[in-house]
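Have a look at the structure below, then the notes.
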Amino acid sequence: MLKIEHLTKKYGEKKAVDDLSLQIKPGEIYGFIGHNGAGKTTTLKSCCGILQFESGDIFIDGISVKENPIDCKRKLAYIPDNPDLYEFMTGIQYLNFVADIFGVGAADRKYRIRRYADAFELTADLAQPISAFSHGMDEPFVGLDPKASHLLKSIMRDLCGKGSAIFFSTHVLEVAEKLCDKVAIIKGGKLVRSGTMEEVKGDTSLEDVFLELEGEG
């Protein structure tokens with residue numbers, strides 16, 4: 001599904017990501033953990049074709065991001081921590097805009113919009129401009145109330161059960177520990193630990209492992 005091979009990305013002389021290799025398989029929810037500036041966002045943006053990189057390659061379903069960035073973008077969705085939304089659009093206009101980009105047919109998009117808008121109690125607000133939405137109405141996890149957060153986790157698990165894969169970064173280690181099948185910890189641009197959640201945390205907690213690794217060196 002997603003394969004990162006020896007990814008290296010520099011900003012000037014600084015290596016933001018240094019020879020990173022990871023593989024996220026269909027059906028997996030894969031957590032990506034690290035302190036601010038560790039290289040998480042750079043990695044995710046590189047995977048999505050937003051940033052070019054010096055060496056290595058990234059493959060989406062076997063397609064190279066370097067060689068075929070448009071084809072790769074058709075196969076993935078990127079949700080940044082600070083979404084840049086077109087706030088002059090209404091909710092329904094934005095959803096139809098995204099559906100147009102991904103080539104979602106009229107019947108399918110109607111079903112999906114209705115299903116998820118009802119689930120997140122957004123249906124009554126779709127005619128409003130995005131600029132009028134509250135914080136929790138336009139950003140995953142951050143700003144969500146407990147009910148919506150639980151629902152989002154269920155949807156993520158359902159998508160992966162159907163063969164999709166999710167690669168996401170969060171500072172909320174309790175969420176990652178409960179939700180993820182696998183986890184990778186990055187420090188100073190380098191991968192320092194990866195594997196199944198049980199392999200990485202053992203008999204302790206993910207938070208303990210993370211703090212221990214952060215204290216090394």
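The values are calculated or read from the model by the stated rules, or taken from the named source; none is laboratory data. Keep in mind the model is a prediction, meaning the values are calculated, not measured. Cβ coordinates were reconstructed from backbone atoms using ideal geometry, including for glycine residues, and neighbour counts include every protein chain displayed. When the accessible area is computed, the model is the full protein with side chains, heavy atoms only, and any ligands, DNA or RNA have been set aside. Shrake-Rupley method; radii C 1.70, N 1.55, O 1.52, S 1.80 Å.
What pairs from K9/K66; K10/K45; K66/K182; K40/K178; K153/K187 go past 18 Å between their alpha carbons? Walk me through the intermediate numbers first.
Values: K9/K66 13 Å; K10/K45 13 Å; K66/K182 26 Å; K40/K178 20 Å; K153/K187 26 Å.
Distance filter (> 18 Å) returns K66/K182; K40/K178; K153/K187.
For I63 and R115, a Förster radius of 25 Å and the Cβ-Cβ distance give a FRET efficiency of 0.30, rounded to the nearest 0.05. Think of the chain as having a plus end and a minus end, set by charges on the Cβ of Lys, Arg, Asp and Glu; of L179, I58, S149, I58 sits farthest toward the positive end of this dipole.
Would region 1-72 count as rounded, prolate or oblate if I go by the C-alpha gyration tensor, calling it rounded below 1.5 in a/c and otherwise prolate when a/b exceeds b/c, oblate otherwise?
Values: a/c = 1.98, a/b = 1.23, b/c = 1.62.
Oblate, because a/c is 1.5 or more while a/b does not exceed b/c.
What is the angle, in °, between the Cα long axis of helix 106-119 and the longest principal axis of the Cα atoms in the chain? Nearest 10 is fine, range 0 to 90. Its long axis makes an angle of about 80 degrees. Reported value for region 60-164: 121 Å³ per residue, from the convex hull of its C-alpha atoms. Over all other residues within a Cβ to Cβ distance under 12 Å of H150, the charged ones net out to +3, with Lys and Arg as +1 and Asp and Glu as -1. Seen from D118, the other residues with C-beta closer than 14 Å to its C-beta sum to a net charge of +3, counting Lys and Arg as +1 and Asp and Glu as -1.
What is the extension gain from I50 to A132, computed as 0.36 nm multiplied by their sequence separation minus the C-alpha to C-alpha distance, in nm to one decimal?
Details: separation 82, 0.36 × 82 = 29.52 nm, distance 2.81 nm.
Difference between extended and current length: 26.7 nm.
Around the Cα centre of region 1-98, unit charges on the Cβ atoms of Lys, Arg, Asp and Glu (plus for the first two, minus for the last two) sum to a dipole of about 20 debye. Expressed as an acute angle from 0 to 90° and rounded to the nearest 10, what is the orientation of the C-alpha long axis of helix 146-161 relative to the principal long axis of the chain? Orientation of helix 146-161: about 70 degrees from the principal axis. DSSP beta bridges fully contained in the chain are about 70 percent antiparallel.
Report note on the peptides 179-187, 163-171, 93-101: ranked by the mean count of other C-beta atoms within 10 Å, highest first, their order is 179-187, 163-171, 93-101.
Return the tail of the calculated pair distribution for the chain, meaning the percent of Cα-Cα pairs more than 30 Å apart.
Above the 30 Å cut-off, the chain has 27 percent of its Cα pairs.
Element breakdown for region 16-78 at a 1.4 angstrom probe: carbon and sulfur atoms account for 47% of the accessible area. Packing here is the average count of other Cβ atoms within 10 Å per residue, and on that basis the peptides 194-205, 33-44, 76-87, highest first, run 33-44, 194-205, 76-87. What do you get for the angle between helix 91-101 and the principal long axis of the chain? Use alpha-carbon atoms, 0 to 90 degrees, nearest ten. For helix 91-101, the angle is close to 60 degrees. Taking every protein chain into account, the accessible area of the chain amounts to 57 square angstrom per residue (probe 1.4 Å).
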